[in-house]
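Worksheet: one structure, shown below.
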Amino acid sequence: MMYKILFAALCIVFVSNEPRSYFDSMPQDIDKIPWSSTKKLTWPDFQGVPDTARSNLAAMSTVVVEISDGHWEGDIPKFKIGTYFIKSKSWTTTNDNYTLNHEQVHFDLHELYARKIRKAFDSLNRKKVSEVPSYQKVYNRYLEEATARHYRYDSEANFNEIKQQQWSRQVQSDIQQTKQYEAQ
């Protein structure tokens with residue numbers, strides 16, 4: 001599976017007094033589905049072209065955790081963090097519910113780590129940390145954690161319906177426990 005978690009290289013983001021986007025190269029908004037507790041993925045969301053020559057996968061999701069806004073509030077940097085499914089870069093060669101549910105859990109895992117980042121950034125803001133590299137360090141730690149968890153999920157849940165259900169329940173529980181850090 002291909003998973004992208006993007007970080008606006010906080011050390012090179014030029015944060016101004018006016019909020020603005022730093023992702024000019026990101027797909028257009030019509031190509032992005034924001035994570036939502038009420039909208040689940042459907043097969044028509046997978047609009048990319050399957051790469052069957054390089055992959056034996058039934059589906060591939062591309063999801064980004066995007067820092068789309070950076071600005072200063074006084075001496076403190078503030079960032080907006082969103083989790084987005086990229087339709088044009090996600091594909092499928094199947095239409096079974098098991099695979100769709102598997103891809104949904106990957107999307108949910110991305111949201112869980114976006115919430116962990118929001119929580120950590122909020123803590124840095126409350127401590128009045130103004131050094132942008134401190135935020136990057138936190139982000140990088142969660143990026144590594146998220147990547148490891150995605151690999152573990154794939155290795156445990158692929159072709160194992162019981163493990164798939166266990167992972168789904170655990171991720172939903174983790175998301176519920178971090179509800180206060182859902183994107184506004």
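Rule-based calculations on the coordinates, nothing more; no lab input. All figures in this text were calculated on a predicted structure; none of them were measured in a lab. When we count neighbours, we look across all protein chains shown, and the Cβ atoms used for this are built from the backbone with ideal geometry, even at glycine.
When peptides 157-164, 142-149, 114-121 are ranked by their average number of other Cβ atoms within 10 Å per residue, the highest-first order is 114-121, 142-149, 157-164. Applied to the range 53-66, the Karplus parametrisation 6.51 cos²θ - 1.76 cosθ + 1.60 on θ = phi - 60° returns per-residue 3J(HN,Hα) values of 6, 9, 9, 9, 6, 8, 7, 9, 9, 10, 10, 10, 9, 10 Hz, with x for Gly and Pro. A cut-off under 14 angstrom between Cβ atoms defines the neighbours of T92, and their net charge, with Lys, Arg +1 and Asp, Glu -1, is -2. Under the criterion of Cα pairs below 8 Å and six or more residues apart, the relative contact order for the range 56-146 equals 30 percent. Each listed q (0.12, 0.17, 0.27 Å⁻¹) maps to a log10 I(q)/I(0) for the range 55-136, found by the Debye formula over equal Cα scatterers with no solvent: -0.48, -0.73, -1.28. Within straight-line reach of K80, meaning a Cα separation under 25 Å, sit the following lysines at least 8 residues removed in sequence or on another chain: K4, K32, K39, K40, K89, K116, K119, K127, K128, K137, K179.
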